[in-house]
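Here is the structure we will look at, set down as structure tokens.
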Amino acid sequence: MWLRGKVLRDSNFPLYSIYYYLLFLIVLFFGIYIRFDDVKFWKENQNLAFYKGEPLYAEYDSFYFARLALDLKEGLFKSGEIDKFRFFPDNSSEAKLNEKETFAPKYSVSGHLISYLFYWLSLLTGMSVSWLTYYLIPFMAISVAIPLYFYFNHVKLPLAGILGGLITVSAPMYLGRTGLMRLDHDVFNLTFPFLIAYFFYRFFQSHNLRGKYIWIGLASLSLLLYQLWYAHGNLNFVLVLTFFIAYLWDPIKKFIISKKFSLSFTREDYIFMAILLLPQLWYLYTGPYYLYLQVKTLVFNIKSPTAADILFKDFPNILQSISELQKLEFWEVFGAVIYNRILGLISLLVAFLLFLFNFRSLIFLFPFFVIGLLTFFSGARFAMYLAPFLGLGLGYLVHFSFEKLLPYLDQFKEPKKQKLSTAIVGFLVFATALISQREALSMVSTPKITAPLVRDMEWLKEKTPKEAIIWTWWDYGYAFHLYARRATIHDGGTQASPKTYLVARSFATSDPKEAWLITSFVSNQGLTGLAKILKNENITAKEVMEKIRTGHYYQEIKSPIYWVFTEDLIAKFGWIHFFGSYNFDKKEGIFGKIMVPACKVLNPQLLQCPELNNALIDLNLGLIRVENQSVPIKNFYIQEPNQLIEKNFYPQGYTVAIVRAGNQTGLILAEPPSDESLFFKMFILRKYDSQYFELVYDNFPQMVVYRVKAK
């Protein structure tokens, strides 16, 4: 048994088909244009945006996928084996709390099709992965508009599909995740669900067996590719679930009305099921479980902590510092999707009408509409799933007005008038939306790393042992794997563990011995050792940290560890110090504050800083004057070519440092207690305890590197 439907055609109005197709082409052109428009910035900043003739990536996760492509090229990528670049020292088979909970990241095909794709394309074309990213990502990013258009064109709502595509490809959240040089899942994360839904819809609308076999085959293949691309079996599961609901629509409807359920499958029905399900069995069985967990967590905020979560519960929650995981305010949600927020609200309301009047045709999309609605209750990352539906709602507003509402009011009852009015008003709405969304041109995709820093990472690759481990903040973890080819303590996929707190603590403390002991503990024990200590000794996180500080777990450092400071960490030091100063009793930390204001020299002893309310920094009296108030300066440092000159003013107050980088001189201002941190001393001032550290590379502010002494 399969559902039959009327094949929807526009044969009576071929000109309208051409008209809407042209609007669709404008959407594609616009989506590509707003991405390639950023090329102007890259060409104007070639010295920063390109390294050795290669464009640099514009997203942290891009480093990860590019590195996996490089691992494939070098024969390091072996599915099921441990990824030795990540999460040292917990990248071993022994890194586990129990048989179910392991810590070691592993290579896998599932979820990494993007790396395979670009690796194969690189082999085929002879182009580098970075240049392929540069040219292909803008085209891949606008692919979501294609199934949207064809799907809704077949549902006889072409304007909805067109505006759905327009709003999606230019939505700030989606554009920010699919811009120039952003090698990431997101370029197809909307395309696959809409494509699969379209294939499902066409299956049910097909009159003949041959057509049904084609559409179910395409749907099955797309589901498989979606899993290999994104590895979220729960999303594939809900798509398959909607397919079965549609398949059993009439029996379910009959059961609801008459309480009688009858079902009879033909041979073809079983073949369709086999074509759809058999290629998915290897992963689909996990879908219901992970769907249950996500609904429980994201919708009802009920969490099921693992054994490791329970052990680590006293450590600070690192995820609170990640912007895409934070909840947006009501109007901020619309701002993340559409540039006219009032229009966004209207479009959302009409989107509900769209499903109300077309639910049977659009049932396959409904779960993703719900995911988009999660933006109002959960993290900002779901906003890109909302974008298509705001566009669909905006387009449906025109269809609904001229094809349902006005005819109901005895207006525009003739189909030709409806068609003409929809086309004319639709064009006005389309033009308005296009003009509104052109603000997307103000968003510029810029490199997440600069050429000087890549050069410094290559220094690490050339001058440090192959087994060297990078001790730094997590953001550039993937970049160190790609450019330095060195393992890190943590990275953008493992930053939520207590190891990130320990790194933060080592940077925030003023005691180099404590920092060394933390480094020793992490390099020898890792997260695995920490978990076992918490479990076996039955002590708290606070007690473990006290034992680490007092040298209870002292061991010689066996692996070559390098502390690496990079320029971006100055802006991130607020959160680094917050976590590093975390008080386990009060459950809070102190945000660090290190400022790099632009100042001008009035005379050798007096500086004026417009960015600080025109503050005057008096280096003679040791005072900072702001709006008739004076703030004392505790310490003043000035870097000369061969020495650091220090001048002390008051017992309490700010620390001012004048630093040199090449031919440039800048001022750095630090509030207490940030000025006492090893981060400030070792990175900004290059003051360090030679008993524990050795300065091996100084290219301030791009990178400063210390070798941690073994004992």
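Consider residue 583 carefully, then state whether it is surrounded by fewer than 19 Cβ atoms within 10 Å (Cβ to Cβ) and more than 35 Å from the chain's Cα centre (by Cα). Considered against the rule, which asks whether it is surrounded by fewer than 19 Cβ atoms within 10 Å (Cβ to Cβ) and more than 35 Å from the chain's Cα centre (by Cα), residue 583 comes out as no. Put simply, of 241, 248, 277, 225 the only residue that is under 26 Å from residue 63 (Cα atoms), more than 18 Å from the chain's Cα centre (by Cα) and surrounded by fewer than 23 Cβ atoms within 10 Å (Cβ to Cβ) is 225. Checked against (1) farther than 24 Å from residue 589 by Cα; (2) touching a strand residue (DSSP E or B) at 6+ places or on another chain (Cβ under 7 Å); (3) aliphatic (A, V, I, L, M), residue 661 passes all but condition (2).
Annotation: residue 167 fulfils all but one of (1) surrounded by fewer than 20 Cβ atoms within 10 Å (Cβ to Cβ); (2) touching a residue at least 60 places away in the same chain (Cβ under 8 Å); the unmet one is (1). The residues on offer are 364, 355, 389, 359, and the sole one that is over 24 Å from residue 24 (Cβ atoms), at pLDDT 95 or above and not in a loop (DSSP other than H, G, I, E, B) is 359. For the range 187-198, the candidate set comprises residues that are surrounded by 24 or more Cβ atoms within 10 Å (Cβ to Cβ) and not aliphatic (A, V, I, L, M); within that set, the residue that is farthest from residue 64 (Cα to Cα) is 198.
Helices (runs of 4 or more DSSP H) fully within the range 454-559 that include at least 1 residues being modelled with pLDDT under 95: 526-536. Where helices (runs of 4 or more DSSP H) fall wholly inside the range 112-198, the ranges with 2 or more residues that are more than 30 Å from residue 423 (Cα to Cα) and not acidic (Asp, Glu) are 113-125, 129-141, 172-177, 186-189. Among the residues in the range 548-569, are any of a type in the set (Lys, Arg) and more than 23 Å from residue 706 (Cα to Cα)? There is no residue in the range 548-569 that is of a type in the set (Lys, Arg) and more than 23 Å from residue 706 (Cα to Cα). When the test is whether a residue is at pLDDT below 95, surrounded by 19 or more Cβ atoms within 10 Å (Cβ to Cβ) and among the aromatic types (Phe, Trp, Tyr), residue 230 does not pass it.
Residue by residue, here is whether (1) touching a Ser or Thr at 6+ places or on another chain (Cβ under 8 Å); (2) aromatic (Phe, Trp, Tyr) holds:
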| site | (1), (2) |
| --- | --- |
| 359 | no, yes |
| 367 | yes, no |
| 371 | no, no |
| 377 | no, yes |
| 440 | yes, no |
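Would you confirm whether or not the range 496-509 contains a residue that is touching a strand residue (DSSP E or B) at 6+ places or on another chain (Cβ under 8 Å) and within 29 Å of residue 184 (Cβ to Cβ)?
Of the residues in the range 496-509, the ones touching a strand residue (DSSP E or B) at 6+ places or on another chain (Cβ under 8 Å) are 503, 506.
So of that shortlist, the ones also within 29 Å of residue 184 (Cβ to Cβ) come out as 503.
Yes, the range 496-509 has at least one match.
Taking the stated definitions as given, is residue 333 within 22 Å of residue 144 (Cα to Cα), buried (at least 18 other Cβ atoms within 10 Å of the Cβ), touching a residue at least 60 places away in the same chain (Cβ under 8 Å) and not hydroxyl-bearing (Ser, Thr, Tyr)?
On the way: within 22 Å of residue 144 (Cα to Cα): yes; buried (at least 18 other Cβ atoms within 10 Å of the Cβ): yes; touching a residue at least 60 places away in the same chain (Cβ under 8 Å): no; not hydroxyl-bearing (Ser, Thr, Tyr): yes.
No; evaluated as a whole, the condition is false for this residue.
Does residue 211 meet the test of being assigned by TED's automatic domain parsing to the domain that holds residue 141, modelled with pLDDT of 95 or more and surrounded by fewer than 15 Cβ atoms within 10 Å (Cβ to Cβ)? Here the answer is yes, as residue 211 does meet what is asked. In a residue-by-residue description of the range 558-570, the property of being touching a residue at least 40 places away in the same chain (Cβ under 8 Å) and exposed (fewer than 14 other Cβ atoms within 10 Å of the Cβ) applies to at least one position. One residue alone among 563, 575 is assigned to a strand (DSSP E or B), under 22 Å from residue 508 (Cβ atoms) and at pLDDT 95 or above, and that residue is 563. Counting the residues of the range 294-323 that are modelled with pLDDT of 85 or more, of a type in the set (A, V, I, L, M) and under 23 Å from the mean Cα position of the chain (by Cα) gives 2. Taking the conditions exactly as written (part of a loop (DSSP other than H, G, I, E, B), modelled with pLDDT of 95 or more and not polar (S, T, N, Q)), does residue 570 satisfy them or not? Against the criterion (part of a loop (DSSP other than H, G, I, E, B), modelled with pLDDT of 95 or more and not polar (S, T, N, Q)), residue 570 does not qualify. Quick check: is even one residue across the range 46-57 touching an Asp or Glu at 6+ places or on another chain (Cβ under 8 Å) and in the same structural domain as residue 170 (by TED's automatic domain parsing)? Scanning the range 46-57, I find no residue that is touching an Asp or Glu at 6+ places or on another chain (Cβ under 8 Å) and in the same structural domain as residue 170 (by TED's automatic domain parsing), so the answer is no.
Do the conditions hold for residue 142, that is, is it touching a residue at least 60 places away in the same chain (Cβ under 8 Å) and farther than 23 Å from residue 492 by Cβ?
On the way: touching a residue at least 60 places away in the same chain (Cβ under 8 Å): yes; farther than 23 Å from residue 492 by Cβ: yes.
Considered against the rule, which asks whether it is touching a residue at least 60 places away in the same chain (Cβ under 8 Å) and farther than 23 Å from residue 492 by Cβ, residue 142 comes out as yes.
In this structure, does residue 372 turn out to be of a type in the set (Gly, Ala, Ser), closer than 22 Å to residue 19 by Cα and in a helix (DSSP H, G or I)? No, not satisfied.
Say we look at the range 660-711 and pick out the residues that are loosely packed, with under 15 Cβ neighbours inside 10 Å, of a type in the set (S, T, N, Q) and in a strand (DSSP E or B); which of these is modelled with the lowest pLDDT? Ranking the qualifying residues of the range 660-711, first place goes to 664.
State whether the residues of the range 439-447 include one that is touching a helix residue (DSSP H, G or I) at 6+ places or on another chain (Cβ under 7 Å), in a loop (DSSP other than H, G, I, E, B) and among the aliphatic types (A, V, I, L, M).
Quick first cut of the range 439-447, residues touching a helix residue (DSSP H, G or I) at 6+ places or on another chain (Cβ under 7 Å) only: 440-441, 443-444, 446-447.
Then keep just the ones that are in a loop (DSSP other than H, G, I, E, B); that gives 443-444, 446-447.
Now narrow it down to the ones that are among the aliphatic types (A, V, I, L, M): 443-444.
The answer is yes; a qualifying residue exists.
Scanning the range 591-625 for residues that are of a type in the set (A, V, I, L, M), exposed (fewer than 15 other Cβ atoms within 10 Å of the Cβ) and either part of a loop (DSSP other than H, G, I, E, B) or touching a helix residue (DSSP H, G or I) at 6+ places or on another chain (Cβ under 8 Å) (or both) yields 598, 621. I'd like to know if the range 512-520 contains one or more residues that are surrounded by fewer than 20 Cβ atoms within 10 Å (Cβ to Cβ) and within 30 Å of the chain's Cα centre (by Cα). Scanning the range 512-520 turns up no residue that is surrounded by fewer than 20 Cβ atoms within 10 Å (Cβ to Cβ) and within 30 Å of the chain's Cα centre (by Cα).
The values are calculated or read from the model by the stated rules, or taken from the named source; none is laboratory data. Values in this document were obtained by computation on a predicted structure and should not be read as measured data. All Cβ positions, glycine included, derive from the backbone under ideal geometry; neighbour counts span all protein chains shown.
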